[in-house]
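K.L.:
Pasting a structure below so you can have a look.
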Amino acid sequence: MSKDFIRNNIRRLRFNADEMTQQELADRVGASRQTIVAIEKGKYSPSLELAFKIALTFEVPIGDVFSYEPENK
């Protein structure tokens, strides 16, 4: 059984946004810091709503934040 991956650039985007902390991002999108940590580590896939909120926070298209990569690509 293959496993697919949702990759993200949140850590890089936070760094480029005046080194925004995980807590600052969490506060802006209405999530917990633990949720942001899990998303960054690829251990949790955000809801579509949360994914859009993250993209809007960084003022970038959602495709600049998240990408989908099948394992057997």
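The values are calculated or read from the model by the stated rules, or taken from the named source; none is laboratory data. Remember, predicted model here, so these are calculated numbers, not experimental data. Quick reminder, even Gly has a Cβ in these numbers, built from the backbone with ideal geometry, and neighbours come from all protein chains shown. We work out accessible area using only protein heavy atoms, side chains counted, and drop any ligands, DNA or RNA first. Shrake-Rupley method; radii C 1.70, N 1.55, O 1.52, S 1.80 Å.
K.L.:
State which residue pairs qualify: first residue within 22 Å of GLY30 (Cβ to Cβ) and inside region 57-73, second residue basic (Lys, Arg) and assigned to a helix (DSSP H, G or I) in any location, beta carbons under 6 Å apart, and separation of 6 or more residues or different chains.
P.N.:
Here the result reads THR57/ARG28, each pair linking region 57-73 to a residue that is basic (Lys, Arg) and assigned to a helix (DSSP H, G or I).
K.L.:
Kindly indicate whether ALA55 is touching a Ser or Thr at 6+ places or on another chain (Cβ under 8 Å), at pLDDT 95 or above and small (Gly, Ala, Ser).
P.N.:
Spelling it out, it is not the case that ALA55 is touching a Ser or Thr at 6+ places or on another chain (Cβ under 8 Å), at pLDDT 95 or above and small (Gly, Ala, Ser).
A quick yes/no check of all residues on (1) in contact with a helix residue (DSSP H, G or I) (Cβ under 9 Å, 6 or more places away or on another chain); (2) hydroxyl-bearing (Ser, Thr, Tyr):
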| position | (1), (2) |
| --- | --- |
| ARG7 | no, no |
| ILE10 | yes, no |
| GLN23 | yes, no |
| SER32 | yes, yes |
| PRO46 | yes, no |
| THR57 | yes, yes |
| ASP64 | yes, no |
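K.L.:
Quick one: in region 59-73, of everything that is modelled with pLDDT of 80 or more and of a type in the set (Asp, Glu), which residue is most open to solvent (accessible area, probe 1.4 Å)?
P.N.:
Only one residue tops the list, namely GLU59.
K.L.:
Looking at region 38-49, which of its residues are surrounded by 15 or more Cβ atoms within 10 Å (Cβ to Cβ) and under 15 Å from ASN9 (Cβ atoms)?
P.N.:
The answer is ILE39, GLU40, SER45, PRO46.
K.L.:
Would you confirm, using the coordinates I've provided, whether GLU24 is more than 10 Å from the chain's Cα centre (by Cα) and at positive phi?
P.N.:
no
K.L.:
Here's a follow-up. Output the helices (runs of 4 or more DSSP H) that fall wholly within the chain and possess 3 or more residues being charged (D, E, K, R), or say none. Spell out how you get there, then give the answer.
P.N.:
Values: elements: 10-16, 22-29, 33-40, 48-58, 62-65.
Answer list for the chain: 10-16, 22-29.
K.L.:
With ASN9, ASN16 as the choices, which residue is open to solvent by 50 Å² or more (accessible area, probe 1.4 Å), of a type outside the set (Val, Ile, Thr), at negative phi and over 9 Å from the mean Cα position of the chain (by Cα)?
P.N.:
Sole residue among the options that is open to solvent by 50 Å² or more (accessible area, probe 1.4 Å), of a type outside the set (Val, Ile, Thr), at negative phi and over 9 Å from the mean Cα position of the chain (by Cα): ASN16.
K.L.:
Then there is this: When you scan region 19-37, how many residues do you find that are open to solvent by less than 40 Å² (accessible area, probe 1.4 Å) and in contact (Cβ under 8 Å) with a residue 24 or more places away in the chain?
P.N.:
Adding up the residues that qualify gives 3.
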